[in-house]
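The values are calculated or read from the model by the stated rules, or taken from the named source; none is laboratory data. Keep in mind it's a predicted model, so treat the numbers as computed, not measured. Please note: Cβ atoms are built from the backbone with ideal geometry, for glycine as well, and neighbour counts cover all protein chains shown.
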Amino acid sequence: MFDLLYLHGADISSQPLIERKRELQRLLSSAAAESALRYSDHHSGKGEAMFAEACKQRLKGIISKQTNVPYEARPQDSWLN
């Protein structure tokens, strides 16, 4: 998991991505060890290395987003392909 939009029934999508990720990491770290859910960490400033690794592993792609922006339901200028 890489994003959290609701927390305890409250919409937190207007908070910056980095803050939503912090809450998600906190929630998942307190979950049971055998949970199928895994936190996907944020890697800042490593775009070229991440892209090279994604190609090496034949992944479908990666999404890059600015950390200080709220959630948008569709791709925005803050997203990089």
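Using the structure shown, decide if residue 26 is modelled with pLDDT of 80 or more and out of contact with any Lys or Arg (no Cβ under 7 Å at 6 or more places or on another chain). Taking the combined requirement at face value, the residue satisfies it. When the stretch 6-49 is filtered for residues that are touching a helix residue (DSSP H, G or I) at 6+ places or on another chain (Cβ under 9 Å), of a type in the set (A, V, I, L, M, F, W, C) and surrounded by 14 or more Cβ atoms within 10 Å (Cβ to Cβ), the ones remaining, listed by number, are 7, 12. Number of residues in the stretch 50-59 that are surrounded by 12 or more Cβ atoms within 10 Å (Cβ to Cβ) and among the polar types (S, T, N, Q) equals 0. When the stretch 34-81 is filtered for residues that are in a loop (DSSP other than H, G, I, E, B), more than 15 Å from the chain's Cα centre (by Cα) and modelled with pLDDT of 75 or more, the ones remaining, listed by number, are 36, 57, 58, 59, 60.
Per the conditions (1) in contact (Cβ under 8 Å) with a residue 12 or more places away in the chain; (2) in a loop (DSSP other than H, G, I, E, B); (3) over 16 Å from residue 69 (Cβ atoms), the sole criterion not satisfied by residue 27 is (2).
Once the stretch 1-14 is narrowed to residues that are in contact (Cβ under 8 Å) with a residue 12 or more places away in the chain, part of a loop (DSSP other than H, G, I, E, B) and touching a Leu at 6+ places or on another chain (Cβ under 9 Å), the residue that is nearest to residue 62 (Cα to Cα) is 2.
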